[in-house]
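Comments concern the structure below.
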Amino acid sequence: MVNRAIRPAQNSAPPFGRIAVCCLALSLAPACAYLPFTDNDETTGSGNTTIPVTIEGVPKQLESGALKSVEIRAGEPTSLLDVRRRATQAASALEEYLASEGYFMAVVSPDLVEDMDMRPQLDVDVGERFTIAEINLSGTETLPADVLDKLSIASDELGIGTWAVTTDIEELERRLVTELRREGYAFAESEGIDALASRADKTLELTYQLVPGPRVQLGELIIPEGLETKDRSIEILRNWELGNYYTPEKVETLRTRIRGTGLFDGIGVQIQEDPAADGLHPVELQLSEGKRRSIGAGISVSTSEGVGATASWERRNLTGVGDTLGVDAQIATLTSGLTLSYNRPNIGRYGRDFSAETGIRAEETDAYDLQGISATASLSQPFNDHFTLSAGATIDATRSTDYELRAAGEDDYEEQVTFSFPLGATYDTVKRPLDPQSGNRVSLGVEPGVSVGDSEAPFTRITSSASTYHKISERLVAAVRAEAGTFLGEDDVPVDRKFYAGGGGSVRGFEYQSLSPTDADGNIIGGDAMFAASAELRWRKSERWGYVAFVDSGSAAGSVDEAIGEMRTSVGFGVRFYPGFGPVRFDIATPLDRRDGDDPVQIYVSIGQAF
């Protein structure tokens, strides 16, 4: 709400009705200036959108807004009186619009028409445009100097001498309240703006009526009773020390942490206005727990990798501390497996997660056949919102046969047990993993280990990946990824520890593993290094459909340098369907430098973006 006073002018004043319109312009919400006929049902009635008048005398930079301000949704006028009434309403609406742009003395005069076939003309005398002469803040007398300085900086953004545009004046009110809340005044509000207009000087003096309220120091969480989740598992989500000043970001971060547990369907966070005995303001949570069990299923289809299906079952909050037990099953042309996993979040502090899994798998590729059983455990710790370190231990028992044994007609498998200790670092600012819109993701993995059994080999496997996403426009996203890997140590490790390239996970358009080293007979063997890069342009045509153009390139070889030198490239086009949980993708790709034996196209169907 804006309260105003008019400073008398030395020369003649405009008519009273015009002063009322000038004053009204500062009290209306910006939307009101664009919905002028609020006293008439034509704005929401049936009919086509039309402009019932022509306009003369409006500054060029305001022509578009002026025409929009007089638009109505109505049928043809039914009488000459109807034509004149619409012209009068359009004149009032245009005056309101001009006043919202600082032309408080503008006069709009509709022509008196005598023919229903004529559109009335509005003749506009905009007058001089008002500027801001002074900005004052009330209610801030007891605020600390540092807070006053920040309010002053916010006020300077409007600026003395700038045009008195209503939306800018009201935007400053919003910024001032926002700044107070950022400085700990959780209940800050504004009681309105007092505006003193000088018709002689064509200026406004503004006084913002601020009510900061108390500077809030945050206290304990108040957790609802009757939850299956234990209190300590919710308390650990608190992201402030007792006595810290309130900020909106702290509350939003708490809400994000609670949402990230996946345990609650309904989340409310409220700061209590009355402090506790220690002077701190408790933070009350309103929580509604969601379902604890879920099942999922998925399919993938590829001309290079065959058909696959997955199924999953998950039990959340198994022991009341936010932990999760999951079972995942996969059956596919190249690989099948069953995995049991357990995750325990926030051990001792927020973000420190423990995970463990065990599983069996069987793989049958052009390079090797393998059966294995493995168990792994890891601990991860974020150091800020984006950077995470992890460390773990893995034991993997495998029976495998590669191309050499198959070519010799031998049925014997090579049996090995591999002990490894994977270390990882991740930097991730991507907020939508299934359909990234912006941000960056960088990861580095170092896995030292040793294989024992039919052969013994110490090794170190190093992998890295970097991807970036840039939103070019509301519907267009550019995505780029590069990944590399290298292998140090003995060659007598399980064949699935080697590097391979080609297929839906690396270079679409080529057969699975076909961009890997081969022997003299053309049999695929694993490489000691790999490099691959991809670029996509993703266009979201509508809520349900999108399209992608992409380029993939990569190779596996004896070293990263060799892999870069031997890279092969493909191009393709994809369709994305968005059912509401993430895109279903259909990609078709073709090699640019096709070799003898390469198929002209490969097709892939899966869930989620390629990267």
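Hey, any hits in region 427-445 for a residue that's among the basic types (Lys, Arg), over 23 Å from residue 382 (Cβ atoms) and not in a loop (DSSP other than H, G, I, E, B)?
Looking for residues that are among the basic types (Lys, Arg), over 23 Å from residue 382 (Cβ atoms) and not in a loop (DSSP other than H, G, I, E, B), one finds none in region 427-445, hence no.
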Original post:
Out of region 90-117, which residues are free of Cβ contacts under 8 Å to residues at least 24 places away in the same chain and either in a loop (DSSP other than H, G, I, E, B) or more than 26 Å from residue 78 (Cβ to Cβ) (or both)?
Top reply: 106, 117
Original post:
In region 133-150, what count of residues is obtained for those that are over 30 Å from the mean Cα position of the chain (by Cα), assigned to a helix (DSSP H, G or I) and either surrounded by 12 or more Cβ atoms within 10 Å (Cβ to Cβ) or β-branched (Val, Ile, Thr) (or both)?
Top reply: 2
**OP:** Starting from region 362-389, keep only residues that are open to solvent by 70 Å² or more (accessible area, probe 1.4 Å), then list their pairs with residues that are assigned to a strand (DSSP E or B) and modelled with pLDDT under 90 whose Cβ atoms are within a distance under 8 Å, requiring at least 6 positions of separation or different chains.
**Re:** 366/524
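Could you list, in sequence order, the residues of region 331-362 that are assigned to a loop (DSSP other than H, G, I, E, B) and of a type in the set (Gly, Ala, Ser)?
Residues of region 331-362 that are assigned to a loop (DSSP other than H, G, I, E, B), as a first pass: 333-334, 345-352.
The answer is 348, 351.
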Subject >> Contacts under 8 angstrom Cβ, first residue in region 561-578 being assigned to a loop (DSSP other than H, G, I, E, B), partner open to solvent by 80 Å² or more (accessible area, probe 1.4 Å), 6 or more apart >> reply: 578/543; 578/544; 578/545
**OP:** Identify all residues within region 385-440 that are modelled with pLDDT of 85 or more, within 28 Å of the chain's Cα centre (by Cα) and farther than 30 Å from residue 546 by Cα; write none if there are none.
**Re:** 387, 388, 389, 390, 424, 425
Original post:
Residues of region 457-495 being surrounded by fewer than 18 Cβ atoms within 10 Å (Cβ to Cβ) and aliphatic (A, V, I, L, M), which ones?
Top reply: 462, 466, 472, 476, 478, 480, 482, 488
Subject >> Check on residue 324, at pLDDT below 95, of a type in the set (Val, Ile, Thr) and in contact with a Lys or Arg (Cβ under 8 Å, 6 or more places away or on another chain) >> reply: no
Original post:
Among the residues of region 53-88 satisfying the criterion of being touching a Lys or Arg at 6+ places or on another chain (Cβ under 7 Å) and part of a loop (DSSP other than H, G, I, E, B), which is least open to solvent (accessible area, probe 1.4 Å)?
Top reply: 53
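Answer yes or no: is there a residue in region 291-308 that is within 30 Å of residue 186 (Cβ to Cβ), in contact with an Asp or Glu (Cβ under 6 Å, 6 or more places away or on another chain) and exposed (fewer than 15 other Cβ atoms within 10 Å of the Cβ).
No, region 291-308 has no match at all.
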**OP:** Would you tally the residues in region 202-238 being assigned to a helix (DSSP H, G or I) and not β-branched (Val, Ile, Thr)?
**Re:** 4
**OP:** Only one of these is open to solvent by less than 40 Å² (accessible area, probe 1.4 Å) and within 23 Å of residue 482 (Cα to Cα): 568, 594, 538. Name it.
**Re:** 538
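The values are calculated or read from the model by the stated rules, or taken from the named source; none is laboratory data. From a predicted model like this one, the values you see are computed outputs, not experimental measurements. Cβ sites come from the backbone with ideal geometry, for glycine too, and all protein chains shown count toward neighbours. The protein model used for the area step is the full one, side chains on, heavy atoms only, and it has no ligands, DNA or RNA in it. Shrake-Rupley method; radii C 1.70, N 1.55, O 1.52, S 1.80 Å.
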